[in-house]
Structure formats: structure tokens, C-alpha cells
Amino acid sequence: SIDPLAGIAVGLMLVAFGFKVGAAPFHLAAPDAYSGASSPIAGLLATASKAMGFVALMRILVSVTMPIQGEAFWYTAIAIIAVVTMTWGNLAALTSSNPKRMLAYSSVSHAGYMLAGLAAIGSGLGSEEAIELVLTAIVFHLAVLVIFKFGAFLVLSLLETEERGHRLEDLHGLARREPLVAGSMFLFMLSLAGVPPLSGFLSKFLMINGIVNISAGTGASDATSILDWLISVEPVFWLAFAIVINSALSMFYYLRIGLVMFFEEPEDSRAMKDAFSLRLAIVACAILTVIVGIGPLSDSLLEMVADAINSFVSN
């Protein structure tokens with residue numbers, strides 16, 4: 001049985017962490033905060049700050065309140081919050097005309113993806129290996145998100161040097177003015193959408209694979225059709241399905257950024273300011289977005305994350 005006071009305490013902490021990680025319905029301040037702050041600060045809020053919130057949330061939910069066996073009492077609440085968060089974030093981003101607000105809602109949707117992984121762990125299903133795979137996916141996603149999400153905010157920071165970046169129209173024709181910057185921004189958008197072989201795809205793939213592994217074997221073995229099996233499978237499977245559907249939905253607003261950069265006429269055809277260090281950081285983020293998704297660097301980062309998760313679980 002659950003101590004009511006302990007349950008209330010965990011509920012209040014979930015509210016606090018909901019504000020920290022940008023989970024719905026506690027995310028309402030995030031778009032205004034991001035659009036009102038300078039782009040580097042907004043990028044810091046969307047990456048490092050969110051990562052610290054998720055690490056603390058994992059420590060409380062997985063290490064402190066997770067039962068030795070069986071379903072955690074917070075499983076249903078986290079699962080509902082995860083689906084609402086990712087869907088709300090993507091739908092709001094679709095209607096946003098401010099790039100920073102769009103990226104803020106994108107951060108909300110990504111918080112939903114990671115909360116879905118935590119909810120799958122709380123279901124009490126799956127082996128220890130499957131649980132470690134989901135935890136690895138969450139931490140790996142937090143690590144690579146710093147690269148391409150912060151890179152996108154750096155591009156907006158470059159636009160802010162000429163007092164632009166607060167409207168979608170400010171990105172019109174960017175490929176004609178700054179081909180390298182526009183190409184980097186397009187890479188960041190594709191990685192946020194989870195397009196292979198970029199690092200954003202690898203982290204989402206690991207998340208979905210881990211959730212499916214946790215729900216594996218829960219469907220009826222004697223099902224005569226796919227529909228019968230889908231009805232009989234544990235609800236945790238639908239968290240993976242929700243990630244896939246929402247990732248497809250997010251393609252619309254991420255590709256819209258590429259569309260206006262490459263196919264719209266620029267309002268100003270002049271080259272942008274030098275800002276050599278800022279350009280260097282943007283290109284470095286673009287290169288890392290690619291090589292962390294494929295190749296030996298991605299393997300090394302995954303090994304480091306897996307070792308960290310082993311230490312996390314053993315403690």
C-alpha cells in the first residue's frame with residue numbers, strides 16, 4: 001500500500017519538475033520565456049536546464065519511488081502527461097510564427113518523448129536490460145539534444161545581431177544570403193524531427209526500441225488478427241506509437257523552416273555580420289549533429305551513457 005502523504009509529496013514534486021522540464025500543463029510559461037530571452041539564454045534553458053531537471057526526475061522516480069516489482073503508482077499519471085505533452089507541443093508549434101516560440105514548443109514535445117520512456121519504466125514490465133535501454137535512450141537524447149537544439153538557437157542569435165529572428169519571415173531566403181548557416185539550420189531541424197542518419201534519429205530510435213522491448217510479449221499469443229493483438233497488448237506499447245505519430249506530425253513545422261529558407265525571397269539580400277566565433281560554433285554543432293548519429297563517435301558516446309546508466313541503476 002502507498003502512504004497517502006508520500007503520494008501527495010511525489011505529486012507535488014512532479015508539479016515542480018513539470019515546470020522544470022516543460023511538461024504540459026506546466027509548460028505555459030516556456031514559450032514566453034524563450035521568446036523574451038536572448039537566443040543563447042533560451043538555448044541554455046532548452047538544453048542544459050531541461051537536462052538537469054530530467055536527471056533529478058529520474059533519480060526520484062526510478063531510484064526512490066520505483067517498487068522492486070510491479071507497476072509504480074505514478075505510471076498512469078506520467079503516461080498521460082507524456083502523451084498530452086508531446087501532442088500539445090507539436091500542435092502549438094504548428095501554429096507558431098515566431099521561431100523561438102516554435103523551438104520552445106518543440107522542447108515541450110521532446111519532454112513528452114522522454115516522459116514516455118519514464119512511464120514505460122514505471123509500468124513494471126520488461127527485463128532489467130529493457131529498462132536500462134530506455135534509461136540509456138533518455139540520457140543519450142538529453143546529450144545530443146544539446147548539440148542540435150542549441151545550434152538552432154545559435155542561428156537565431158546570428159539573426160539577432162541585425163535585430164531579426166523574432167519572425168518566421170526573418171528566415172526567408174537565408175540560403176541565398178548565408179548558404180552555410182542555412183544548411184546548418186536545416187540539419188538541426190531534420191535532427192529535431194528524427195530523420196536518419198542524424199543523431200536525433202538515433203536517440204528517438206533507441207527510445208522507441210526500448211519501449212517496445214518493455215511491452216514485448218504482452219499481446220495475446222493466440223490472437224487471430226493484428227487488431228486482436230493490438231487490443232490485447234499492454235497500454236505501454238501505445239507510448240511508442242504516440243512517439244512515432246508525433247514525430248511525423250513535427251515534420252510539418254520543421255520542414256517549414258527549410259522551405260522558407262530555401263524557397264522564399266529574402267527581405268534583405270545583404271550578407272550578415274561577420275560574427276566569426278558564432279559562425280564557427282554553428283558549423284561545429286552541425287558537424288557534431290551528423291557524426292554523433294553515425295560512426296565511431298556515436299558508439300563512444302553510447303558506451304559512455306550506458307556505463308553511466310549502469311552506475312545509476314546499481315546505486
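For region 109-129, a tally of residues being in contact with a helix residue (DSSP H, G or I) (Cβ under 6 Å, 6 or more places away or on another chain), farther than 14 Å from Ile243 by Cβ and in a helix (DSSP H, G or I) returns 2. Pairing each residue of region 290-311 that is closer than 23 Å to Ser184 by Cα and among the aliphatic types (A, V, I, L, M) with any residue that is at pLDDT below 90 and not in a helix (DSSP H, G or I), provided the two are 6+ apart or on different chains, yields C-beta distances under 9 Å for Val290/Pro197; Val290/Leu198; Val292/Leu198; Ile294/Pro196; Ile294/Pro197; Ile294/Leu198; Leu301/Val292. Filtered by the rule that a residue be aromatic (Phe, Trp, Tyr) and either open to solvent by less than 10 Å² (accessible area, probe 1.4 Å) or within 22 Å of Leu145 (Cβ to Cβ) (or both), region 35-92 gives Phe54, Trp74, Trp88.
Rundown of residues vs (1) more than 15 Å from Ser184 (Cβ to Cβ); (2) buried (at least 24 other Cβ atoms within 10 Å of the Cβ); (3) within 11 Å of the chain's Cα centre (by Cα), yes/no style:
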| residue | (1), (2), (3) |
| --- | --- |
| Ile121 | yes, yes, no |
| Glu128 | yes, no, no |
| Glu132 | yes, no, no |
| Leu135 | yes, no, no |
| Ile138 | yes, yes, yes |
| Leu142 | yes, no, yes |
| Ala152 | no, yes, no |
| Val155 | no, yes, no |
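Could you tell me which residue of region 197-214 is modelled with the lowest pLDDT, considering only residues that are among the hydrophobic types (A, V, I, L, M, F, W, C) and open to solvent by 50 Å² or more (accessible area, probe 1.4 Å)? Of everything passing the filter in region 197-214, Val212 is modelled with the lowest pLDDT. In region 1-23, the residues that are open to solvent by less than 30 Å² (accessible area, probe 1.4 Å) reach residues that are among the hydroxyl-bearing types (Ser, Thr, Tyr) and assigned to a helix (DSSP H, G or I) with C-beta atoms within less than 8 angstrom, at least six apart or across chains, in these pairs: Gly22/Thr85; Gly22/Ser107; Ala23/Thr85.
Working only within region 93-113, note down all residues that are open to solvent by 10 Å² or more (accessible area, probe 1.4 Å), hydroxyl-bearing (Ser, Thr, Tyr) and at pLDDT 90 or above. Within region 93-113, Tyr105 is the sole residue that qualifies.
Give the residues of region 215-233 that are assigned to a helix (DSSP H, G or I) and either modelled with pLDDT of 60 or more or in contact with a Pro (Cβ under 6 Å, 6 or more places away or on another chain) (or both), sorted by residue number. If the condition is that a residue be assigned to a helix (DSSP H, G or I) and either modelled with pLDDT of 60 or more or in contact with a Pro (Cβ under 6 Å, 6 or more places away or on another chain) (or both), then Ser215, Ile226, Leu227, Asp228, Leu230, Ile231, Ser232 are the ones that fit. If the condition is being farther than 21 Å from Ser38 by Cβ, surrounded by fewer than 21 Cβ atoms within 10 Å (Cβ to Cβ) and more than 23 Å from the chain's Cα centre (by Cα), then region 166-196 contributes His172, Gly173, Arg176, Arg177, Pro179, Leu180. Taking (1) touching a helix residue (DSSP H, G or I) at 6+ places or on another chain (Cβ under 7 Å); (2) of a type in the set (A, V, I, L, M, F, W, C); (3) over 28 Å from Ala72 (Cα atoms) in turn, Leu91 satisfies each apart from (1).
Within region 1-56, being at pLDDT 85 or above, under 21 Å from Phe188 (Cβ atoms) and not in a helix (DSSP H, G or I) holds for one residue alone: Gly22.
Give me a count of the residues in region 239-276 that are closer than 18 Å to Ile81 by Cβ, without any contact (Cβ under 8 Å) to a residue 24 or more places away in the chain and of a type in the set (A, V, I, L, M). Residues in region 239-276 being closer than 18 Å to Ile81 by Cβ, without any contact (Cβ under 8 Å) to a residue 24 or more places away in the chain and of a type in the set (A, V, I, L, M): 1 in total.
The criterion of being at pLDDT below 90, assigned to a helix (DSSP H, G or I), open to solvent by less than 50 Å² (accessible area, probe 1.4 Å) and not charged (D, E, K, R) does not hold for Gly293.
The values are calculated or read from the model by the stated rules, or taken from the named source; none is laboratory data. Computed from a predicted model, the values in this text were never measured in an experiment. Quick reminder, even Gly has a Cβ in these numbers, built from the backbone with ideal geometry, and neighbours come from all protein chains shown. Accessible surface is based on the protein model in full, side chains and every heavy atom, while ligands, DNA and RNA are left aside. Shrake-Rupley method; radii C 1.70, N 1.55, O 1.52, S 1.80 Å.
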